[in-house]
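Asks: So that we are looking at the same thing, I have put the structure below in structure tokens.
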Amino acid sequence: MTSTVAFIGLGHMGGPMAANLVRAGHRVLGFDLAAQAVATAAAAGVEPAASAADAAAPADAVISMLPAGRHVLALYREQGLLAAARPGTLFIDCSTIDVADARTAHEAAVAAGHRALDAPVSGGVVGAGAATLTFMAGGAEREFSDAAALLDAMGKKAVHCGGAGSGQAAKICNNMILAVSMIGVSEAFVLAESLGLDHQALYDVVSTASGQCWALTVNCPVPGPVPASPANRDYRPGFAASLMAKDLGLAANALRAGGVEAPLGLRAAEMYAAFAGAGGAGLDFSAIVRTLRPQNGTPA
Ligand code: NAD
């Protein structure tokens, strides 16, 4: 069944996601503060709306893909999105935001007579374009099943993680593992360099041993062993260090709020914030290996 969808936030991720909804036969009304983002989406068949509220008024579902929780909450409340939508509209927020903000957004939507799902994604800009994203969803079972046709049009997999905020929780837990494992793999390569152990030899052993992980076998932080990894193209992302730093900041907020001790996760958050702030923001997150070498030197 096709729907009328309001899509708010037509940036690097939202633009191609909205285009995939159009491709699947849905009517998509789009809004973004940036005129260029609207123009690109319009070329893909998205109907430009004069405001977010105008997009939401006739919609069955409202999807948002915005930078941070404050944007989502301002849109829902101060900018009148919840007030403009018809009662019972399904609000699906795909942005990566604080778990606490996701729960607040969910409560605000329900209090206004609507239904809500948090559904952040992994898969990046490439997955957004190819409709191969993975969605991690938080909300009631019925909302998850009602969103299925829309999520299917934009991704290859959707996992229902639990109640409100659970999608965001799964996303930050995954990315905390990823950051810690990338730093661990990078430290092992730097140690190998200091011991005179060849990158390829280390890779050949670890990729079939107990240290095997995605950070090694898909996104290997040194050039050579995995030809498609960003290290082979001067660390062009991939998954930018700025986004990793953002997600780890959300994980750190959740750790502190819950009184959870996670020394490696917190250290990873500090390391990525420092790396992104010192010029690494636009590089793939695997470039963190550069900061681990003695005096940030080149491999032996
Ligand atoms: P982006 O900056 O390209 O797009 C965000 C868009 O939101 C911009 O076009 C901006 O103009 C628009 N916007 C901001 N406030 C608005 C408002 N009030 N009304 C309408 N439009 C508004 O960012 P992106 O890379 O598309 O990321 C979007 C979200 O997806 C973020 O939460 C990010 O963490 C998450 N994410 C990104 C990636 C990635 O690889 N880029 C991967 C996974 C998740």
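Only the coordinates and a few stated rules stand behind these numbers; no lab work does. All values reported here derive from a predicted model rather than from experimental measurement. With ideal geometry, Cβ positions are generated from the backbone for all residues, glycine too; neighbour counts draw on all protein chains shown.
Asks: Among Met136, Met271, Met1, rank each residue by its count of other Cβ atoms within 10 Å, from fewest to most, as a rough exposure measure.
Replies: Ascending Cβ contact count within 10 Å gives the list Met1, Met271, Met136.
Asks: Cut-off is 10 Å between beta-carbons; in what order do His114, His106, His12, His71 appear when sorted fewest neighbours first?
Replies: With the fewest neighbours first, His114, His106, His12, His71 line up as His12, His71, His114, His106.
Asks: Would you mind pulling out the separation of the Cα centroids of segment 248-300 and segment 100-154, in Å?
Replies: 28
Asks: Hey, if you put +1 on the Cβ of every Lys and Arg and -1 on every Asp and Glu Cβ in the chain, which of Val190, Ser207, Ser95 ends up farthest toward the positive end of that dipole?
Replies: Ser95
Asks: Classify segment 4-163 from the C-alpha gyration tensor, please: rounded if a/c falls under 1.5, else prolate or oblate depending on whether a/b exceeds b/c.
Replies: Rounded.
Asks: Rounded to the nearest 5, what is the percent of antiparallel bridges among the DSSP beta bridges in the chain?
Replies: Bridges in the chain are about 15 percent antiparallel.
Asks: Can you give me the C-alpha center-to-center distance between segment 1-78 and segment 159-231, rounded to a whole angstrom?
Replies: Taking the Cα centre of each part, segment 1-78 and segment 159-231 sit 34 Å apart.
Asks: If the viscosity is 1.002 mPa s and the temperature 20 °C, what translational diffusion coefficient in µm²/s does Stokes-Einstein give for segment 149-235 when Rh comes from Kirkwood over Cα pairs?
Replies: Roughly 143 µm²/s, to the nearest whole number.
Asks: Using the Cα centre of segment 169-296 as the reference point, and only Cβ charges (+1 on K/R, -1 on D/E), how large is the resulting charge dipole? Debye, rounded to the nearest 20.
Replies: For this selection, approximately 340 debye.
Asks: Further question: For a footprinting-style exposure proxy, rank Asp118, Asp60, Asp98 by other Cβ within 10 Å, fewest first. Don't skip to the end; give the middle numbers.
Replies: Numbers: Asp118 33, Asp60 19, Asp98 23.
Ordered from fewest to most neighbouring Cβ atoms within 10 Å, Asp118, Asp60, Asp98 come out as Asp60, Asp98, Asp118.
Asks: Tell me the Kirkwood hydrodynamic radius of segment 169-296 in angstroms, computed as one over the mean inverse distance between distinct C-alpha pairs.
Replies: Taking every pair of different Cα atoms in segment 169-296, averaging 1/r and inverting gives 14.8 Å.
Asks: Taking the 0 to 90 degree range and rounding to the nearest ten, how far is the long axis of helix 99-111 tilted relative to the main principal axis of the chain, both from C-alpha atoms?
Replies: For helix 99-111, the angle is close to 10 degrees.
Asks: Tally Lys and Arg at +1 and Asp and Glu at -1 over the other residues with C-beta under 14 Å from the C-beta of Gly258: what net charge comes out? Don't skip to the end; give the middle numbers.
Replies: Working: positive: Arg103, Arg256; negative: Asp98, Glu261.
In short, 0.
Asks: Taking N as the number of residues in the chain, what is its Cα Rg relative to 2.2 N^0.38 Å?
Replies: Cα Rg divided by the expected 2.2 N^0.38 Å: 1.07.
Asks: Quick check on segment 97-244: what does the Kirkwood estimate of hydrodynamic radius come out to from the alpha carbon pairs, in Å?
Replies: Working: mean 1/r = 0.0577 Å⁻¹.
Evaluated on segment 97-244, it is 17.3 Å.
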